[in-house]
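The values are calculated or read from the model by the stated rules, or taken from the named source; none is laboratory data. This is a predicted model, so every value here is computed, not measured. Every residue, glycine as well, gets a Cβ built from its backbone with ideal geometry; the counts of neighbours run over all protein chains shown.
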Amino acid sequence: MEQENNTPTMTYTQAIAELEKIVREMQSENCSIDNLSQYTARALQLLKICKAKLLTTDEELKKILTEIEPS
């Protein structure tokens, strides 16, 4: 499994795509028990990226909506 060196600049779409790849690898009959810890650690990193991006987007949308609402 390749790890992205640019994790901090990774987009939400890239993180989701890598998570899906990890899930496929973990479900594969060829998945080695020796790799499960590495896969799980990377999945956790990617989930944190996704959560941060979703929270940021939510905050930005709330700010925009308050700006367009009448006082």
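Data table
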{"item": "Residue that is modelled with pLDDT of 90 or more and either surrounded by 15 or more Cβ atoms within 10 Å (Cβ to Cβ) or in contact with a helix residue (DSSP H, G or I) (Cβ under 6 Å, 6 or more places away or on another chain) (or both), where the choices are 27, 14, 38", "result": "14"}
{"item": "Region 41-57 residues that are within 24 Å of residue 25 (Cβ to Cβ), paired with ones that are of a type in the set (Asp, Glu) and part of a helix (DSSP H, G or I) (beta carbon under 9 Å, 6 or more apart)", "result": "42/18; 43/18; 46/18"}
{"item": "Matching residues in region 40-71 - criterion: being over 13 Å from the mean Cα position of the chain (by Cα) and farther than 15 Å from residue 12 by Cβ", "result": "62, 63, 64, 65, 66, 67, 68, 69, 70, 71"}
